[in-house]
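Some notes on the structure that comes next.
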Amino acid sequence: MKMASQEERQQHYRVAGSSMATGEPACASLPDSRQQQQQQEQGDVEETGLARWGPQHAGAKELAQLYSPVKRFQEWLCVILNISLISWNLYHLLINFSWDHVHLILIGIVAGMVTADFASGLVHWGADTWGSVDLPILGKAFIRPFREHHIDPTAITRHDFVETNGDNCMLTVVPLAYMAYRFLTLSPEAIYGIYSWQCYIFSLGLFVTLTNQIHKWSHTYYGLPSWVCLLQDWHIILPRKHHRIHHVSPHETYFCITTGWLNNPLEKIGFWKTLEDIIQRLTGNKPRTDDLKWTQKTK
């Protein structure tokens with residue numbers, strides 16, 4: 001019975017995600033889709049006096065106002081550090097490259113992508129499901145964007161590069177700094193011995209860094225570069241139609257947002273639901289209560 005129930009849940013999300021994507025236009029310049037979206041949001045407000053979702057939603061407005069100058073400074077600092085470390089490490093990877101272990105290098109790169117995808121799911125699930133905007137430090141700085149995203153999914157498309165990627169850049173500073181330190185202190189022979197591992201760390205750091213940019217692209221339906229569309233179509237990065245399954249309320253599945261490769265396997269085994277059941281039994285806390293509170297906010 002449990003397996004059947006899981007199958008039904010999965011089918012429900014597939015159908016909902018597909019229906020949301022019906023008639024999806026090609027990935028090109030699509031001003032009409034943006035105009036239609038704005039008209040729909042305006043129609044919601046005129047008809048009910050309240051916005052069901054989008055930037056006019058009361059909760060979305062309040063959450064957007066919590067973005068502070070201190071948070072902005074933290075994001076700028078992390079972006080600068082991250083880009084500097086990625087550039088340093090890429091340079092040293094290139095000058096130390098050898099064809100001797102190219103198969104291990106490719107394995108390391110793909111393994112880094114898979115690990116980044118799982119890490120994105122774990123962080124996304126944790127921030128979506130638990131905690132509150134009212135938590136000291138973490139609430140307004142890191143949980144707030146997740147709450148805003150569910151009631152205004154297109155807000156991320158209006159964020160600039162720094163706001164979109166600042167937090168992910170912060171997560172990768174330490175491993176990228178350690179990688180840079182090893183390049184600086186180890187001999188060429190020692191670097192040769194750990195080169196494939198360094199490729200794994202670099203791939204992991206790079207794709208964790210890019211995760212929210214990839215996420216932003218999955219919500220962008222006009223003006224995307226053709227190479228981004230190609231990567232989405234080949235499912236090398238998170239496709240738009242695939243990510244729509246997560247945005248079916250109550251947002252309880254398909255949390256991985258780097259490549260999305262792990263979403264279907266994790267859903268099949270009920271990974272996130274099992275974790276939630278364990279935590280609820282141990283703590284008594286119900287999943288997504290804070291998320292629901294913001295969704296239902298009217299003033």
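For region 176-299, just run the numbers: alpha carbon Rg, then divide by 2.2 N^0.38 Å, N being how many residues it has. Spell out each step's value before the answer.
On the way: Rg = 19.5 Å, N = 124, 2.2 N^0.38 = 13.7 Å.
Dividing the Cα Rg of region 176-299 by 2.2 N^0.38 Å gives 1.42.
Stretch ARG182-LEU138 to full length: gain in nm at 0.36 nm per residue minus the Cα-Cα span?
Additional length available on full extension: 12.7 nm.
With no solvent and one point on each alpha carbon, what is the Debye value of log10 I(q)/I(0) for region 123-249 at q = 0.09, 0.20, 0.22 Å⁻¹?
Here the Debye-derived log intensity ratios amount to -0.35, -1.19, -1.31.
Report the net charge of residues surrounding GLN213, where surrounding means a beta-carbon distance below 15 angstrom and charges are Lys +1, Arg +1, Asp -1, Glu -1. Mind showing how you got there, number by number?
Details: positive: ARG158, LYS216, ARG240; negative: GLU75, ASP117, ASP160, GLU163, ASP167.
Its environment carries a net charge of -2.
Assuming 0.36 nm per residue, please report the length gained on full extension of the stretch ASN96 to TRP76 beyond their Cα-Cα distance.
4.1 nm
Based on alpha-carbon centroids, what's the gap between region 94-145 and region 149-222 in Å, whole number please?
7
Output the pairs from LYS71/LYS286; LYS273/LYS293; LYS241/LYS286; LYS71/LYS273; LYS216/LYS286; LYS216/LYS293 with a Cα-Cα distance over 22 Å in this structure; if there are none, say none.
From LYS71/LYS286; LYS273/LYS293; LYS241/LYS286; LYS71/LYS273; LYS216/LYS286; LYS216/LYS293, over 22 Å: LYS71/LYS286; LYS241/LYS286; LYS71/LYS273; LYS216/LYS286; LYS216/LYS293.
I need the semi-axes of the equivalent ellipsoid of region 85-188: take the C-alpha gyration tensor, multiply each eigenvalue by 5, square-root it, list largest first in whole angstrom.
For region 85-188, the ellipsoid semi-axes come out as 34, 16, 13 Å.
Work out how much length LYS241 to GLN213 would gain on full extension: take 0.36 nm times their residue separation and subtract the Cα-Cα distance, in nm to one decimal.
Taking 0.36 nm per residue and subtracting the Cα distance, the gain is 8.4 nm.
Residue-wise, which Karplus ³J(HN,Hα) couplings in Hz belong to region 281-287, taking 6.51 cos²θ - 1.76 cosθ + 1.60, θ = phi - 60°, and x for glycine or proline?
Karplus values, whole Hz, x for Gly and Pro: 5, 7, 10, x, 7, 8, x.
At each listed q (0.17, 0.19, 0.20 Å⁻¹), what is the log10 of I(q)/I(0) that the Debye formula gives for region 157-214 modelled as equal alpha-carbon point scatterers?
With no solvent term, the Cα-only Debye profile gives -0.60, -0.69, -0.73.
We did not get these values from a lab; they are worked out from the coordinates using the rules stated. None of these values were measured; they are calculated from a predicted model. As a convention, Cβ positions derive from the backbone with ideal geometry for all residues, glycine included, and neighbour counts pool all protein chains shown.
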